[in-house]
Amino acid sequence: MGQTLSLEDTIRAEAKSHNNVHLMLVDGMSKLMTRQVENCVSSDFYVGGLKWNIVILQQQDCLYYVLVITDSKCIGSNWKVNCNVKLTIYSATSPFLNHNRWTWFCFDANNTTLLVSIPVKNMQELYTVNDKSVFSAEITNVNPQSLDVGWNPRTMGTAENIKLMEVERNKSKFTWKITHFSTFVSEHHSSYQFTVGPRKWYLRMYPKGTLEGKGNSLSLYLHASDYVTGPNTKTLAVFKLRVLDQLKRKHHEIDISRLLTFNLYLFDKGQQFWFGSDGQKGEPKFLALEELHKASNGFLVNDQIYIGVEFFYISTTENMI
């Protein structure tokens with residue numbers, strides 16, 4: 001990076017001088033490199049009339065930097081996008097030490113990602129300063145085949161600052177008390193909204209289940225709704241959903257070891273999702289109705305139930321251009 005400019009000023013200068021680049025400043029790299037957060041996903045950006053994303057994740061002491069084509073036009077098996085790509089991880093000390101990969105690449109149904117890997121030790125020593133790292137993807141000479149794509153050329157690049165934060169313990173939990181549970185006749189019911197990080201959220205439960213849980217389970221979801229602060233981009237949430245045991249405090253919660261993005265490793269702290277402008281994440285078979293109604297479990301007492309969510313990590317995003 002330049003010696004006379006701040007990190008942020010350097011990023012803005014890069015974006016203004018390279019019209020087909022997207023830069024992502026990640027603040028909170030230690031959370032990725034220690035797997036407290038499983039991955040970091042950029043906002044959607046558009047080059048050549050197509051939508052792309054950057055994903056950063058860690059596995060087996062290597063950091064993976066992945067460029068993904070995510071446009072809805074790229075479906076089926078008969079599409080191709082030829083382009084030149086330059087993936088860069090910026091040095092914390094000198095632009096001559098930037099970690100670059102230049103390549104011509106053909107994205108298609110079998111190749112939707114392009115990745116660069118770097119040892120975590122090198123990432124920490126050479127490419128991270130004050131827990132911040134900068135990644136960029138410059139995509140040029142985009143040539144879509146068998147796709148109807150029209151666009152106006154970009155006049156400058158785009159840049160964003162994504163901050164990965166641990167949620168303060170005194171602000172991390174929301175509990176929803178539901179009385180007269182047996183009287184609910186609607187398919188689903190929602191809590192009032194609450195705020196964590198840059199978003200408003202609410203819980204939605206299906207007392208008799210939905211999808212594969214219909215008729216056999218309580219279904220439970222976390223919804224993302226309005227933005228408290230902008231921009232309206234994807235928001236990370238690492239969280240757990242719970243039904244509280246009112247007798248013995250042996251709460252029922254989903255703590256899944258899930259095979260994650262790109263099948264690179266397993267994660268078992270909680271559920272991580274990147275929520276778009278609106279969306280829900282949860283479990284249709286959250287709690288079997290038989291277990292819910294078993295008096296000794298303490299989930300349903302005097303026709304009253306407590307449903308909760310606990311947040312561990314959240315993200316905020318700031319546009320830098």
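Numbers at a glance
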item	result
Whole-number percent relative contact order across region 1-128, with pairs defined as alpha carbons under 8 Å at least 6 apart	22
Subset of LYS132/LYS171; LYS214/LYS234; LYS51/LYS214; LYS177/LYS208; LYS200/LYS248 violating a 27 Å alpha-carbon distance limit	LYS214/LYS234; LYS51/LYS214; LYS200/LYS248
Computed magnitude of the charge dipole of the chain (debye, nearest 20; Cβ of K, R +1, Cβ of D, E -1)	440
Relative contact order, percent, the chain [alpha-carbon distance under 8 Å, six or more residues apart]	20
Farthest positive-ward along the chain dipole, Cα basis, beta-carbon charges - from LEU7, ASN216, THR155	ASN216
Scattering curve values for the chain, log₁₀ I(q)/I(0), Debye with Cα scatterers, q = 0.07, 0.09 Å⁻¹	-0.34, -0.55
Beta bridges by DSSP in the chain, antiparallel share as percent, to the nearest 5	95
For region 34-101, size of Cβ-based charge dipole, Lys and Arg +1, Asp and Glu -1, in debye	220
Dipole of the chain, positive direction: furthest Cα of TRP201, VAL21, PHE273, with charges on the beta-carbon	TRP201
Shape category assigned to region 1-54 from the gyration tensor of Cα positions, a/c cut at 1.5	oblate
Value of [θ]222 nm, deg cm²/dmol, for the chain, DSSP H segments ≥ 4, -39500 (n - 2.57) each, nearest 500	-2000 deg cm²/dmol
Surface accessible to a 1.4 Å probe, HIS189 within the full protein complex, Å²	40
Folded to 0 to 90 degrees: helix 7-17 orientation relative to the chain principal axis, Cα	60
Average accessible surface area per residue within region 152-230, 1.4 Å rolling probe, Å²	54
Three-way shape call for region 103-181 based on the alpha-carbon gyration tensor, with the a/c threshold at 1.5	oblate
Heavy-atom accessible surface of the chain: percent carbon and sulfur, 1.4 Å	47
Shape of region 145-206, Cα gyration tensor, a/c cut at 1.5	oblate
Per residue accessible area in Å² of region 68-148, where ligands, DNA and RNA are left out and the probe is 1.4 Å	52
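The values are calculated or read from the model by the stated rules, or taken from the named source; none is laboratory data. Keep in mind that what you see is a predicted model, and the values were worked out from it rather than measured. Note that we place each Cβ from the backbone using ideal geometry, even for glycine, and neighbour counts take in every protein chain shown. For accessibility, only protein heavy atoms count, side chains too; no ligands or nucleic acids. Shrake-Rupley method; radii C 1.70, N 1.55, O 1.52, S 1.80 Å.
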